[in-house]
Amino acid sequence: MKTYTTLLLLLVGSTAFGQRLVPINFSKAYQDPYYMVLEADSITAVLEHVETENRLVVFDLEIVNKSGLPLKVDPKLFHYYAGSSPFPELTGEADNVHQVSFPYSQVPGYLRKSLTKNVVEDHYETQIKQQQTLAIIFGVLSVGMMVADVASDLRDSKKEFYTQKDWNKSQTRDVLTATTLMTTDAVIRSSQERNYYTREDLHYLDQEIMQPMALPDTSALRGKVYFPKNGYYRYYRVVVPVEGYNFVFDFRKARVSDY
């Protein structure tokens, strides 16, 4: 029973909803947007957090080019910092964003860069297999638990003297089995739902992920940027380098009042 409960808690944890990120100065009372807009020399970058799920932190990014020249956009250069405290403000263009931000980042390693399409594909495929395996395991354990409960009842029924203590044990088993089965059913349904959405994300990945390109003048590029999730943090700083400019977006974990 202890092993079953441990597995159940692991699956519940794996299917829990991820956190929502909002701009650092977001205020629902002032009807602030959930996205941030930054501009520099006729280049506009718009960033919004989409989700933190499946060990991924996903943003929606749009870049608008009105600079008069083509822009080289390379998502492999995008990266983020994260920690428990707000990051220091950048006081001028001369500030080195890495020197200012890195000392306050609690993310393991040097930089957390965005993931390529192949890496995200592999990640989604792994998640699908894991969700399917967990659903099968819990389906088998549910059947095993019911069989064990019935076997215990049959064993008790063959006793010459059926005591009040035996009856109490039987009732406790029935309640525990029913409660666990209902919880397991809910978890399996949640896993199946996540599996469906993961397959959908994988199916549309080619169309949605932002790819490297030369962005012509008077044009725009929009797509999703995928970062690896290395834990839950209160503050994120996302850096989007474009042609020598660092667009720096500061987000924070949403509060209950932000929804």
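So which of Pro75, Pro88 ends up being more than 18 Å from the chain's Cα centre (by Cα), within 11 Å of Val225 (Cβ to Cβ) and open to solvent by less than 70 Å² (accessible area, probe 1.4 Å)?
Just one listed residue meets the conditions, Pro75.
Starting from residues that are part of a helix (DSSP H, G or I) and touching a Lys or Arg at 6+ places or on another chain (Cβ under 8 Å), keep the ones in the range 99-123 and report whichever is surrounded by the fewest Cβ atoms within 10 Å (Cβ to Cβ).
Applying the filter and picking the extreme gives His123.
Out of the residues in the range 211-252 that are surrounded by fewer than 16 Cβ atoms within 10 Å (Cβ to Cβ) and within 17 Å of Glu48 (Cβ to Cβ), state the one that is nearest to the chain's Cα centre (by Cα).
Applying the filter and picking the extreme gives Arg222.
The values are calculated or read from the model by the stated rules, or taken from the named source; none is laboratory data. Remember, it's a predicted structure, so these values are computed and weren't measured experimentally. With ideal geometry, Cβ positions are generated from the backbone for all residues, glycine too; neighbour counts draw on all protein chains shown. All accessible areas refer to the heavy atoms of the entire protein, side chains included, with ligands and DNA or RNA removed. Shrake-Rupley method; radii C 1.70, N 1.55, O 1.52, S 1.80 Å.
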